[in-house]
Amino acid sequence: MKLAEALQERADLNTKISELRSRLYNNAIFQEGEKPAEDPNELIAELDKASDRLCELIGRINYTNCRTVSDGLSLTELIAKKDTLKVRIGAYRDLISAASQTARRASKTEIKILPAVDVSSLQKKADELSRELRLTDNKMQELNWLTELL
């Protein structure tokens, strides 16, 4: 199984577990003389099975991510890089948005609002970081489809 397939299965299991939780909640009680729409014990068994598989997959994915190296960085390090790039890009974009707002003045006697940063250079930096994020994500996707799950 390729790492990408394991990641897809992990996502599917997370969705399934979420749905099972909702179904369990909906069938936790029922009116006397009636039956619940679904047997909670069967749902619990299904939840336990899905959770056990998820636990196994997460362990194997994490192990594979630590052991898979490209250009001197493990997949785990690439994930950390991607996550921090997203944080930095978000902060830059927020700053650019705030600094780009200009106040309209009706007369020259009103207070003039000026940006405290160079918006143009920040935009270029945000664009560079976005490019780096795309390249990092592309590298991760490539590795995910080339790497066998350990």
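Every number here is computed from the coordinates shown, using simple stated rules; none is lab data. Since the model is a prediction, treat every value here as computed from it, not as a measurement. Heads up, the Cβs are rebuilt from the backbone with ideal geometry, glycines too, and the neighbour counts pull from every protein chain shown.
Using DSSP to call loops (not H, G, I, E or B), can you name the trypsin sites (Lys or Arg not before Pro) in segment 71-150 whose Cβ has at most 12 other Cβ atoms within 10 angstrom?
On the way: sites: Lys81, Lys82, Lys86, Arg88, Arg93, Arg104, Arg105, Lys108, Lys112, Lys124, Lys125, Arg131, Arg134, Lys139; in loops: Arg104, Arg105, Lys108, Lys112.
Taking segment 71-150 and a limit of 12 other Cβ atoms within 10 Å, the loop trypsin sites (Lys or Arg not before Pro) found are Arg104, Arg105, Lys108, Lys112.
Taking amide H atoms as placed 1.01 Å from N in the peptide plane, list the residues 5 or more away in sequence, or in a different chain, whose amide H sits under 5 Å from that of Lys2.
Under 5 Å from the amide H of Lys2 lie the amide H atoms of Leu149, each far enough along the sequence or on another chain.
In debye, nearest 20, what is the charge dipole magnitude of the chain about its Cα centre with +1 on Lys and Arg Cβ and -1 on Asp and Glu Cβ, if you could check? Write down the numbers at each step before the final one.
On the way: 24 positive and 25 negative charges, 262 e Å.
Dipole about the Cα centre, nearest 20: 1260 debye.
Quick one: compute the contact order of segment 70-150, relative version, from alpha carbon pairs under 8 angstrom and 6+ residues apart, as a percent.
Details: 37 pairs, mean separation 32.8, N = 81.
Taking the mean separation of contacting Cα pairs over the length of segment 70-150, I get 40 percent.
Applying the Karplus parametrisation 6.51 cos²θ - 1.76 cosθ + 1.60 with θ = phi - 60° to the phi angles of segment 63-72, what ³J(HN,Hα) value in whole Hz is obtained for each residue in order, glycine and proline being reported as x?
Karplus values, whole Hz, x for Gly and Pro: 4, 5, 4, 6, 8, 8, 10, 9, 6, x.
Can you flag which of Lys2/Lys82; Lys2/Lys125; Lys49/Lys86; Lys2/Lys81; Lys86/Lys125 are past 25 Å Cα-Cα?
Values: Lys2/Lys82 21 Å; Lys2/Lys125 35 Å; Lys49/Lys86 34 Å; Lys2/Lys81 22 Å; Lys86/Lys125 13 Å.
Beyond 25 Å between Cα atoms: Lys2/Lys125; Lys49/Lys86.
May I ask you to derive the relative contact order of the chain, considering only C-alpha pairs under 8 Å and at least 6 residues apart, and to give it as an integer percent? If you can, show how the numbers build up before the last one.
Working: 110 pairs, mean separation 52.0, N = 150.
So the answer I get is 35 percent.
Go ahead and estimate [θ] at 222 nm for the chain from helices alone: -39,500 (n - 2.57) per DSSP H run with n ≥ 4, summed, over the residue count, rounded to 500. Can you show the working numbers first?
On the way: 4 runs with 106 residues, N = 150.
Calculated at 222 nm, the ellipticity per residue is -25000 deg cm²/dmol.
Taking each pair of distinct Cα atoms in segment 1-90 once, what is the resulting Kirkwood hydrodynamic radius in Å? Let's see the in-between values first.
Values: mean 1/r = 0.0632 Å⁻¹.
Final number for the Kirkwood radius of segment 1-90 is 15.8 Å.
Among Ile89, Ile29, Ile17, whose mean-square fluctuation peaks in a Gaussian network model of the chain (Cα, cutoff 10 Å)?
Highest fluctuation of the listed residues: Ile29.
Would you work out which of Ala50, Leu3, Leu20 lies farthest towards the positive end of the dipole of segment 1-67, given +1 charges on the beta-carbon of Lys and Arg and -1 on that of Asp and Glu, about the Cα centre?
Going by the Cα projections, it comes out as Leu3.
Kindly provide log₁₀ I(q)/I(0) values, in the same order as q = 0.12, 0.21 Å⁻¹, from the Debye equation applied to equal alpha-carbon scatterers of the chain.
Log10 of I(q)/I(0), two decimals: -0.75, -1.18.
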